[in-house]
Amino acid sequence: MMPLWLGVAPFALAYAVLARDAGLSIVETQALSLLVFAGSAQVSAVGLFGRGVGGLEIVLTTFLLNVRHVLYGMSLGRVVPMTKRERLIGAYLLTDEAYGVSVARGARSFPFVLGTEVSLFLVWNVMTLVGALVGGVIPDPERLGVDFVFPVAFLALLVPLLRLKVDVAVALVAGVAAWLLAKWLPGGVPVLGAGVSGALLGAWLTR
Amino acid sequence: MSFWPICLAMLAVTFGSRLAGLLVRIRLPPFWLRFLHFVPIAVFAALIAPSLEGSRGEGGIRFAAAGLAGVVAWRTRHLALTIAVGLAAFWLLRLA
């Protein structure tokens with residue numbers, strides 16, 4: 001878990017600094033972390049807030065960025081037995097990172113998943129508060145390379161999943177597709193499009 | 001523009017997506033089970049690729065640092081070590 005906190009903490013700091021920079025109050029900055037709890041969506045949302053984009057577009061972008069969680073939930077629900085109440089709690093706290101760790105470590109029990117999720121939630125929200133409070137002091141988080149934590153953390157999650165040649169092929173195709181799509185399409189569309197097509201390709205190649 | 005309606009709508013679409021997947025209880029055909037196996041691989045790769053280059057013209061050193069981190073992840077399968085090596089390489093290459 002430690003490495004994920006190390007990845008999440010600077011990401012949360014960067015989010016909070018960007019949110020304060022976009023004109024959100026400390027309470028509003030914290031509310032997104034407590035209620036929405038979705039890093040990439042929060043970062044993109046405060047970017048749109050700062051540019052004065054309409055509410056509908058912000059919500060649609062959030063949906064596009066987070067609809068991939070449908071797939072995480074289906075995958076997680078398949079390997080971890082959960083009661084209805086556990087599904088409600090598990091769903092509220094479900095993130096890329098919690099899903100990645102649970103799948104990569106072969107989680108088979110709800111307490112493992114919940115522990116992962118709650119620890120990430122706490123780190124995310126504490127670091128959001130810290131970032132919101134010191135917001136004005138850090139002028140440009142990317143200058144520190146904070147945003148580089150994001151791809152490296154996912155790389156650390158991805159590589160152990162690559163066991164067969166077809167896994168590598170799917171990762172390469174999805175990566176290149178997302179990179180190309182990101183040049184023209186906003187927010188979560190590249191992730192969703194490349195993610196779904198990559199997984200379809202893998203399922204078709206192994207038929 | 002009002003913050004709170006937007007915040008609550010963001011909560012609704014996010015929690016809705018997270019819950020929908022967990023509430024689906026159907027027996028999936030083999031094709032879709034294999035599909036689910038490839039979902040994390042494809043999605044993680046799709047999250048990585050567009051964010052690798054960055055927006056500060058540091059694409060070269062970011063690719064190099066990520067490549068080194070990838071080798072560490074491949075040889076050790078160690079999360080913390082991978083992230084630490086990736087960031088350390090990035091900062092050192094910047095200074096160089």
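The values are calculated or read from the model by the stated rules, or taken from the named source; none is laboratory data. Computed from a predicted structure; not experimentally measured. All Cβ positions, even for glycine, are placed from backbone atoms using ideal geometry, and neighbour counts span all protein chains on display.
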Item to check | Among the residues listed as A:74, A:82, A:127, the single one being assigned by TED's automatic domain parsing to the domain that holds residue A:20, under 18 Å from the mean Cα position of the chain (by Cα) and modelled with pLDDT of 85 or more | outcome: A:127
Next on the checklist: Filter the stretch A:14-47 down to the residues that are of a type in the set (A, V, I, L, M, F, W, C), at the interface with chain B (Cβ under 10 Å from one of its Cβ atoms) and within 26 Å of residue A:72 (Cα to Cα) and list them by number.
Outcome noted: A:31, A:32, A:34, A:35, A:36, A:37, A:38, A:41, A:45
Checklist entry - Which of the residues that make up the stretch A:138-158 are more than 17 Å from residue B:62 (Cα to Cα) and at pLDDT 70 or above? => result A:157, A:158
Checklist entry - If we scan the stretch A:90-107, do we find a residue that is on the phi < 0 side of the Ramachandran plot, more than 17 Å from the chain's Cα centre (by Cα) and either part of a loop (DSSP other than H, G, I, E, B) or not assigned by TED's automatic domain parsing to the domain that holds residue A:196 (or both)? => result yes
Checklist outcome for this item: Here the qualifying pairs (Cβ atoms under 6 Å; residues six or more apart or on different chains; first in the stretch A:27-56 and free of Cβ contacts under 8 Å to residues at least 60 places away in the same chain; second assigned to a loop (DSSP other than H, G, I, E, B) and surrounded by fewer than 20 Cβ atoms within 10 Å (Cβ to Cβ)) come out as A:46/A:22; A:49/A:22; A:50/A:22
Checklist entry - What single numbered condition from (1) farther than 25 Å from residue A:191 by Cα; (2) not polar (S, T, N, Q); (3) not in a loop (DSSP other than H, G, I, E, B) fails to hold for residue A:81? => result (3)
